1. Scan LYS71, LYS44 and give me the residue that is of a type in the set (Lys, Arg), at pLDDT 75 or above and either part of a helix (DSSP H, G or I) or more than 19 Å from ALA214 (Cβ to Cβ) (or both).
2. Report, ordered by the first and then the second residue, all pairs with beta carbons closer than 7 Å, sequence separation of six or more or different chains, a first member in the stretch 155-167 that is surrounded by fewer than 16 Cβ atoms within 10 Å (Cβ to Cβ), and a second member that is acidic (Asp, Glu) and at pLDDT 85 or above.
3. Mind listing just one residue for me: the one in the stretch 184-221 that is loosely packed, with under 13 Cβ neighbours inside 10 Å and assigned to a helix (DSSP H, G or I) and, of those, modelled with the lowest pLDDT?
4. May I ask you to list the residues in the stretch 100-133 that are more than 30 Å from LYS226 (Cβ to Cβ), touching a residue at least 12 places away in the same chain (Cβ under 8 Å) and either hydrophobic (A, V, I, L, M, F, W, C) or in contact with a Ser or Thr (Cβ under 6 Å, 6 or more places away or on another chain) (or both)?
5. Of the residues PHE99, PHE142, only one is of a type in the set (Phe, Trp, Tyr) and more than 18 Å from LYS219 (Cα to Cα); which?
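The values are calculated or read from the model by the stated rules, or taken from the named source; none is laboratory data. Please read these numbers as outputs of a predicted model, since none were measured by experiment. Please note: Cβ atoms are built from the backbone with ideal geometry, for glycine as well, and neighbour counts cover all protein chains shown.
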Amino acid sequence: MTSTLRRFPDNPNLRRAGVAKGCLIAAAIFLVLLIGAGVFVAVKWKGWAAGALVSATTQMVNDSDLPADQKTRVISKVQTLADDFKSGKVSVEQMAHVFEQLGDSPLLPMGVIFGMTKGYIEPNKDLSADEKTAAKRTLQRFARGVTEKKIQMQTIQSVAAPISEPNVANKPGQFRLKQPDKVTTDQLKQFIANAKAEADKASIPDEAFDLNIADEIGKVIDEGLKKPS
């Protein structure tokens, strides 16, 4: 299996880049590694992994801008999943199915775009308030295009090239974003222009696109658990 690496700078805003990007994706990678190593034959490891998943999710959700009711629902849903995994009610295979569903859900592109907005656009001192508002709308449109599969997920790499490190930007499936203070305003504007061009080409409507994160995580978990173990 060929894996792709998308590395993001160690920036607090990017570490809060949505539930999917921040904690569940990391947990998915962690769980896949453990499954590959055959560690889950030991019950104590399942308990440790479940606890780590809940802890990471709780911290990420509490640090996010999600409404209070969504925070409660997300934490509750993940807690139930972790408890069922620890007890054996949810199998390793079912947990893997959950993360497969996560990879196909809108949560990943929304998480990436949220992180770019928080880490690069909002802190920029040279962009006007109107420019920031327009940039956020552009990135929402781009994320919607990816979510609706009108824009390929891999397009993020070329779109983000102006704010990426050049030493890995030309490798398929891999890119590393520059630290925000290393990105010039012109580079940031080019990144936004790239995203707008892709959204325009895909005929994505110029309107707000907001996901109910709690609903999406609920769908991911429920659909993943429907698959036979």
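1. Testing whether each residue is of a type in the set (Lys, Arg), at pLDDT 75 or above and either part of a helix (DSSP H, G or I) or more than 19 Å from ALA214 (Cβ to Cβ) (or both) leaves just LYS71.
2. Taking only residues 6 or more apart or on different chains, not a single pair turns up.
3. Going through the qualifying residues, I end up with ASP215.
4. MET116, ILE121, ASP126, LEU127
5. PHE142
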